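A quick write-up on the structure given underneath.
The values are calculated or read from the model by the stated rules, or taken from the named source; none is laboratory data. Fair warning: this is a prediction, and the values are worked out from it, not measured in the lab. A quick note on method: Cβ atoms are made from the backbone with ideal geometry, for glycine too, and the neighbour counts reach across all protein chains shown. Accessible surface is based on the protein model in full, side chains and every heavy atom, while ligands, DNA and RNA are left aside. Shrake-Rupley method; radii C 1.70, N 1.55, O 1.52, S 1.80 Å.
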Amino acid sequence: MTDPARAVANAIDALRRGWAVQIHAVTLLAVETADPVRLAAFDPEETAPVLLSAGRAVTLKLANQREAADPTAPVLVERAPWLDFAAATALADPRLDLATPLKGPFRALPLAHPDAAAAALRLARVAGVLPAFFMREGEAEVSITPAAIDAHEDAARLTIAVRAKLPVAGAETAEIIAFRTPEQPGEHIALLVGQPTGRPPLVRLHSECLTGDMLGSLKCDCGPQLHAAVDAMAADGWGILLYLRQEGRGIGLVNKLRAYALQDQGFDTVDANTRLGFAVDARDYRVAARMLELLGQDRIRLLTNNPAKVAQLEAAGVTVVERVPHALPANPHNAAYLDTKRDRTGHQL
């Protein structure tokens, strides 16, 4: 039996190289990384339908009300005679909508293998590619099961890899701890600030944001929130910053930048994510709960404006004794973004 870690690694590699991947009885070719030659070899009869997320399909008037409520639900689009590779690329990437008017009309087909289709869309998110595939029945050299995809994000498999002292600005006696699983290539990080005081630690769950944390982006508030959290913990005397490798609310850096491009067209951050075919927020805070478990902390004060973080931690067995608001002044570039977080994703002070 293939090791789940190897299966996921092989499948991600195949998707990014434009190779076919098999899940159960179906074989899939990612639209983003394929080309007309690969498509012709994959589907010489030109009959393979296109698998999309409901969040994208609703733009095409194909998702029913139930599907539209879950932007990650699979929708299968009939392969019309004019639906060639170029048309499929336009279907997959909503950034092209203004430059490439969609031909249509489109017709949705029943899903003969819904579990495999849903797993394919999860795999696309894990691999950081657009959730759009040509799909047909048959076999491929690279295969994976839905269970292997789920194991890739199984928080229970997280362990401590190493810990060391790390003086940082604002907390010169801090300690850094790295966590990883056998499946995931990236490591999650904890920064311990100060020493236990007998009170539950002040904890911040901070999702990786290359643009905000490293490049000083003004489109979000991530960088200032990161530094303000360390300062708050140092002032409190005892805190834990969990730096989670869940870039772009869990959809990865490239797809986050695609969402930025859609925001340039006038969509807010919620609509940009769903038009790409992803969840509004794909982050899994069970990872944070597991990190706290490994650190021996089951009662915390959570520095956040996001009630979803509280709910997920509580569901995973962590008691949040207090939610401490964490807000910073807006700037002209992120004011609308902060309004969207408040009005559409439930953030509160």
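Determine if region 214-223 includes at least one residue that is within 20 Å of residue 301 (Cα to Cα), of a type outside the set (D, E, K, R), at pLDDT below 95 and open to solvent by 10 Å² or more (accessible area, probe 1.4 Å). Taking every residue of region 214-223 in turn, at least one turns out to be within 20 Å of residue 301 (Cα to Cα), of a type outside the set (D, E, K, R), at pLDDT below 95 and open to solvent by 10 Å² or more (accessible area, probe 1.4 Å).
Only one residue in 289, 308 is among the small types (Gly, Ala, Ser) and at pLDDT 95 or above. Which one?
So the residue among 289, 308 that is among the small types (Gly, Ala, Ser) and at pLDDT 95 or above is 289.
A single member of 158, 166 is crowded, with 18+ Cβ neighbours inside 10 Å and either more than 19 Å from residue 63 (Cβ to Cβ) or touching a Phe, Trp or Tyr at 6+ places or on another chain (Cβ under 8 Å) (or both), and it is 158.
Among the residues making up region 265-297, those that are in a helix (DSSP H, G or I), farther than 30 Å from residue 198 by Cα and in contact (Cβ under 8 Å) with a residue 40 or more places away in the chain are 269, 270, 273, 274, 275, 276. I'd like to know if region 246-253 contains one or more residues that are touching a Phe, Trp or Tyr at 6+ places or on another chain (Cβ under 8 Å), open to solvent by less than 10 Å² (accessible area, probe 1.4 Å), under 17 Å from residue 339 (Cα atoms) and modelled with pLDDT under 95. The answer is no; no qualifying residue exists.
All conditions in (1) part of a loop (DSSP other than H, G, I, E, B); (2) closer than 29 Å to residue 148 by Cβ; (3) out of contact with any strand residue (DSSP E or B) (no Cβ under 9 Å at 6 or more places or on another chain); (4) basic (Lys, Arg) hold for residue 125, with the sole exception of (1). Exactly one residue among 79, 122, 107 is within 23 Å of residue 5 (Cα to Cα), without any contact (Cβ under 8 Å) to a residue 60 or more places away in the chain and not polar (S, T, N, Q), and that residue is 122.
Can you tell me which of 230, 193 is at pLDDT 95 or above and touching a helix residue (DSSP H, G or I) at 6+ places or on another chain (Cβ under 9 Å)?
193
Tell me yes or no: at least one residue of region 186-208 is open to solvent by less than 40 Å² (accessible area, probe 1.4 Å), farther than 17 Å from residue 338 by Cβ and among the charged types (D, E, K, R). Within region 186-208, one or more residues are open to solvent by less than 40 Å² (accessible area, probe 1.4 Å), farther than 17 Å from residue 338 by Cβ and among the charged types (D, E, K, R). Scanning region 87-102 for residues that are without any contact (Cβ under 8 Å) to a residue 60 or more places away in the chain and open to solvent by 70 Å² or more (accessible area, probe 1.4 Å) yields 99, 101. Please verify whether residue 254 is within 16 Å of residue 124 (Cα to Cα), among the hydrophobic types (A, V, I, L, M, F, W, C) and out of contact with any helix residue (DSSP H, G or I) (no Cβ under 8 Å at 6 or more places or on another chain), treating the condition exactly as stated. Yes: the conditions hold for residue 254. For region 316-349, name all the residues that are open to solvent by less than 50 Å² (accessible area, probe 1.4 Å), part of a strand (DSSP E or B) and touching a residue at least 60 places away in the same chain (Cβ under 8 Å). 324 - this is the single residue of region 316-349 that is open to solvent by less than 50 Å² (accessible area, probe 1.4 Å), part of a strand (DSSP E or B) and touching a residue at least 60 places away in the same chain (Cβ under 8 Å). Counting only helices (runs of 4 or more DSSP H) wholly contained in region 1-67, the ones carrying 1 or more residues that are touching a strand residue (DSSP E or B) at 6+ places or on another chain (Cβ under 7 Å), under 30 Å from residue 182 (Cβ atoms) and open to solvent by 20 Å² or more (accessible area, probe 1.4 Å) occupy 4-17.
Looking at 26, 58, just one residue is at negative phi and more than 22 Å from the chain's Cα centre (by Cα), and that residue is 26.
In the set (1) touching a helix residue (DSSP H, G or I) at 6+ places or on another chain (Cβ under 9 Å); (2) closer than 29 Å to residue 154 by Cα; (3) of a type outside the set (Gly, Ala, Ser); (4) part of a helix (DSSP H, G or I), the condition left unmet by residue 310 is number (1). Criterion first (of a type in the set (A, V, I, L, M) and closer than 30 Å to residue 7 by Cα) does residue 232 satisfy it? No, not satisfied.
Taking residues in region 141-153 that are more than 22 Å from residue 186 (Cα to Cα), and partners anywhere that are outside any helix (DSSP H, G or I) and hydroxyl-bearing (Ser, Thr, Tyr), the pairs with Cβ atoms closer than 9 Å and at least 6 places apart or on different chains are 143/2; 143/27. Screening residue 300 on (1) open to solvent by 20 Å² or more (accessible area, probe 1.4 Å); (2) not in a helix (DSSP H, G or I) shows it passes everything except condition (1).
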